[in-house]
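Remarks on the structure that follows.
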Amino acid sequence: FTRTLLPQLGALANSKLKILIWYGDADYICNWVGGLALTRKMEWYGKKRFGNASFKDVKIGGVGHVGEVINVDNFSFLRVFKAGHEVPFYQPVASLELLKQVIAKQQIHSV
């Protein structure tokens, strides 16, 4: 028995709520490639642009190149380098900066 929450996630994205989906690239429990495929199938107003978008590098001062992001309006998908299932455990400094950006309703970006 499987269940998807994609319709609910799509509804949240359509509501313009700031959303960050992040995956550690070393996570073998929740694979980032599968997460990207899943989010590309999500029905929402930005689906076409998200599907055509390319990853952009994310660099955090003092940490370096921490990942790659796709931003479309209020929705961000982030692949975090050198991180497992619990991203903040593996990348605490970067995670704090990224969460500050989400709270400020910004697109994920380098600082």
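Each reported figure results from applying straightforward, stated rules to the coordinates on display, with no laboratory input. Here the structure is a predicted model, which is why all the values come from computation and not from measurement. Here the Cβ positions follow ideal geometry from the backbone for every residue, glycine too, while neighbour counts run over all protein chains shown.
Below is a table of values for the structure above.
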read-out	value
Relative contact order (%) - criterion: Cα under 8 Å, at least six apart; region: the chain	30 percent
When the chain is reduced to its Cα atoms, the Kirkwood hydrodynamic radius in Å	14.2 Å
Potential extension, Ile103-Leu38 segment - 0.36 nm per residue separation minus Cα distance	21.0 nm
Gain on full stretching of the segment that runs from Arg49 to Arg3 - 0.36 nm per residue minus C-alpha separation	14.0 nm
Unit charges on C-beta of K, R, D, E only; dipole of the chain, Debye	400 debye
Rounded to 5, the percent of DSSP beta bridges in the chain classed as antiparallel	65 percent
MRE, 222 nm, helices only [DSSP H, n ≥ 4, -39500 (n - 2.57), over the chain, to nearest 500]	-10000 deg cm²/dmol
Mean projection area, nm², convex hull over Cα of segment 61-105	3.3 nm²
18 Å Cα-Cα threshold exceeded, pairs from Lys16/Lys47; Lys48/Lys82; Lys41/Lys105; Lys41/Lys82	Lys48/Lys82; Lys41/Lys105; Lys41/Lys82
